[in-house]
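The values are calculated or read from the model by the stated rules, or taken from the named source; none is laboratory data. All values reported here derive from a predicted model rather than from experimental measurement. Here the Cβ positions follow ideal geometry from the backbone for every residue, glycine too, while neighbour counts run over all protein chains shown. Heads up: the accessible areas ignore ligands, DNA and RNA and are worked out on the full protein's heavy atoms, side chains in. Shrake-Rupley method; radii C 1.70, N 1.55, O 1.52, S 1.80 Å.
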Amino acid sequence: MAESLTYSKEVPVAATADVLVVGGGPAGIAAAVASGRNGARTVLVERFGFLGGNATAGLVGPFMTSYSLDGKEQLIRGVFEELVQRSEELGGAIHPSKVEAGSEFSGFISYGHARVTPFDPEAVKLVAAEMCLEAGVELRLHTFMVDTLVEDGAVRGVIVASKSGLQAIRATVTVDCSADADIAARAGVPFHQGRDEDGLTQPMTLFFRIANVDDERVKQYIADHPEDPRPFASVVRAARERDEFPIPREGIGLYRTPQPGIWRINTTRLQRLDGTDVLDLTRAEIEGRRQVMFLLRFFRERCPGLENCTLLDTAATIGVRETRRIVGEYTLTADDLASGREFEDVIALCGYPIDIHSPTGSGGTMTPQHFEMANSYQIPYRCLVPVDVDGLLVAGRCVSATHEALGAIRVMPPAFAMGQAAGTAAALAVAEGVSPRRVPIRWLQETLVERGAYLGDQVTREVREQATQSTP
Ligand SMILES: Cc1cc2nc3c(=O)[nH]c(=O)nc-3n(C[C@H](O)[C@H](O)[C@H](O)COP(=O)(O)OP(=O)(O)OC[C@H]3O[C@@H](n4cnc5c(N)ncnc54)[C@H](O)[C@@H]3O)c2cc1C
């Protein structure tokens with residue numbers, strides 16, 4: 001057994017909040033904005049010096065679809081839509097209504113890739129911070145959550161570490177948007193990790209951006225090679241046959257950004273690593289960087305349109321697709337997504353299909369043959385409510401879902417939608433003096449609809465009817 005020691009210290013209480021949100025990624029931004037707008041004294045803790053999570057620190061993008069699978073109806077609106085519109089006003093996003101499936105902004109992928117949102121991470125960093133501040137949220141950047149305070153079976157805040165030292169933050173309700181369920185796991189909430197058969201998770205990827213791309217030449221090359229299921233698939237295959245392509249991929253994941261000549265690359269792949277293990281994260285960062293340099297050379301030598309590309313930047317953090325999934329009051333399944341199952345406690349509608357990058361091989365499930373999908377499917381509130389522990393909600397990548405269902409709802413627009421629901425529910429729980437588990441669902445849904453979320457035509461109709469009836 002590894003050596004251990006006991007460490008105890010008195011720490012100052014740096015802040016007391018009604019609602020504490022840990023993690024400032026898509027889920028955390030939406031949770032904090034929603035909580036603040038619903039009147040709760042809200043604190044948002046984020047380990048980096050800016051907000052956005054994978055959207056900024058991870059250089060991940062575009063925002064995958066916020067629409068139904070057929071690309072006809074926008075399902076994820078609310079805080080997400082506002083952030084997109086404000087980023088677009090800064091010249092830092094293209095609204096999804098203008099982006100077609102199969103286009104260069106969609107990585108030339110058609111299935112599930114209609115109406116994605118290309119964006120500039122710098123715009124999102126600023127817009128997210130402004131939206132939080134305008135909602136009255138106290139931001140604590142450069143602050144890492146290290147432990148959870150649990151009293152009588154309920155989370156009552158966290159211990160954080162920063163340049164100011166170790167501090168406590170007290171809270172009536174905490175929303176875990178850490179993507180890894182750090183707060184929930186440390187509070188004793190049970191969780192699963194990886195696929196059922198062997199616990200392996202989706203691989204990690206270090207994103208990077210290249211500049212000086214000949215946009216038109218890339219588009220022409222792709223148009224001239226319809227036989228390639230993924231961009232440059234035949235070039236990659238030929239190189240692999242000669243043992244000259246060591247990355248387990250079947251093509252190049254490349255996405256044009258709003259800026260001319262600048263593309264994101266989603267192609268490095270690090271497998272059999274655990275995103276909650278610091279030594280695995282360290283290995284992934286270094287091996288990811290080796291793969292970036294290999295790919296740059298490969299692009300210049302073999303990919304038409306990329307001959308003169310230069311490295312613009314690599315992400316500030318390795319991108320982790322999957323770690324812990326809490327056990328919540330309901331666990332979303334692939335079957336729910338296939339059937340479009342309706343839930344009384346629906347808090348979000350989504351259309352992105354199940355997209356599992358192989359934990360061991362070079363492929364993935366991003367085709368209609370892998371999983372049957374409804375045109376739109378629902379996420380119930382109970383997926384955000386952990387079993388056993390009170391005073392806590394979870395939103396984003398670590399909610400209660402199977403490995404397969406998470407493969408769909410893990411992308412950023414659903415994380416925004418879940419975050420908005422969790423932040424709203426947390427504020428309502430504080431206002432009502434109840435545990436988040438007991439928040440009246442209809443009240444939560446009404447508040448979400450009033451604040452621009454879309455929960456389906458039926459819920460919208462019922463909420464409007466109720467509002468008319470209660471108007472004197
Ligand atoms: C390689 C890769 C490619 C992807 N491609 C796409 C794509 O093209 N489009 C798309 O929409 N989605 C994509 N996704 C999925 C998507 O990026 C994430 O699943 C999504 O960002 C989840 O949102 P989140 O808010 O739950 O987590 P995150 O975005 O990970 O945000 C979590 C935040 O919490 C902070 N945090 C974590 N732990 C602590 C702590 N202990 N203390 C303080 N702060 C903490 C982090 O710094 C971070 O800011 C991809 C993911 C990866 C990894």
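A few points about this structure:
- The residues neighbouring PHE207, those whose beta-carbon lies less than 13 Å from its own, together hold a net charge of +3 under the Lys/Arg +1, Asp/Glu -1 convention.
- Bridging of LYS125 to aspartates and glutamates at a Cα separation below 15 Å is possible for GLU46, GLU82, GLU88, GLU89, GLU134, once same-chain residues fewer than 8 apart are set aside.
- Divide the volume of the convex hull around the Cα atoms of the range 208-314 by the residue count and you get 109 Å³ per residue.
- The range 309-349-the range 1-70 distance, computed between alpha-carbon centres (Å): 16 Å
- Just the protein heavy atoms count here, and of the accessible area of the range 73-229 at 1.4 Å, carbon and sulfur take up 48 percent.
- Candidate lysines for bridging to LYS72, where Cα separation is under 19 Å - those fewer than 8 sequence places away on the same chain excluded: LYS98
- Kirkwood-type radius of the range 259-328, with distances r between different C-alpha atoms, in Å: 14.0 Å
- DSSP bridge pairs, the chain: antiparallel proportion in percent, nearest 5: 65 percent
- The long axis of helix 215-224 is offset from the longest Cα principal axis of the chain by roughly 70 degrees.
- Average Cα contact separation per residue, the chain, under 8 Å, 6 or more apart, as relative contact order %: 22 percent
- When the Cα positions of CYS309, ALA17, THR267 are compared along the charge dipole of the chain, CYS309 comes out farthest toward the positive end, with charges on each C-beta of Lys, Arg, Asp and Glu.
- Debye-sum result for the chain in log10 I(q)/I(0), which assumes one identical scatterer on each alpha carbon, at q = 0.07, 0.08, 0.14 Å⁻¹: -0.34, -0.45, -1.37
- Acute angle (nearest 10 degrees) that the helix 278-302 long axis makes with the longest principal axis of the chain, alpha-carbon atoms: 30 degrees
- Distance in nm between pseudo-label sites at THR282 and VAL146 (7 Å out along the Cβ direction from Cα): 1.8 nm
- Note on LYS9: lysines with a C-alpha under 24 Å away, same-chain residues under 8 apart excluded, are LYS163.
- Size of electric dipole in the range 208-314: Cβ of Lys, Arg +1 and of Asp, Glu -1, about Cα centre, debye, nearest 20: 60 debye
- Surrounding net charge for GLY319, when Lys and Arg each add one and Asp and Glu each subtract one, Cβ distance under 12 Å: +3
- Overall, the accessible surface of the range 353-405 at a probe of 1.4 angstrom is composed of carbon and sulfur to the extent of 46 percent.
- Helix 78-89 axis, angle to the chain major axis (alpha carbon atoms, nearest 10°): 50 degrees
- Dipole magnitude of the chain, debye to nearest 20 (Cβ charges: Lys/Arg +1, Asp/Glu -1, about Cα centre): 760 debye
- Gain in span if fully extended, ARG290 to SER234, counting 0.36 nm per residue against the direct Cα distance: 17.9 nm
- Relative contact order, whole percent, for the range 208-314 stands at 41, derived from Cα pairs under 8 Å and 6 or more residues apart.
- 1.4 Å probe accessible area per residue over the range 305-459, in Å²: 31 Å²
- Among residues other than TYR330 with Cβ under 10 Å from its Cβ, the summed charge is -2 (Lys and Arg +1, Asp and Glu -1).
- Figure note: ASP196, ASP390, ASP120 ranked by solvent-accessible area, largest first, 1.4 Å probe, ligands and nucleic acids not counted: ASP196, ASP390, ASP120.
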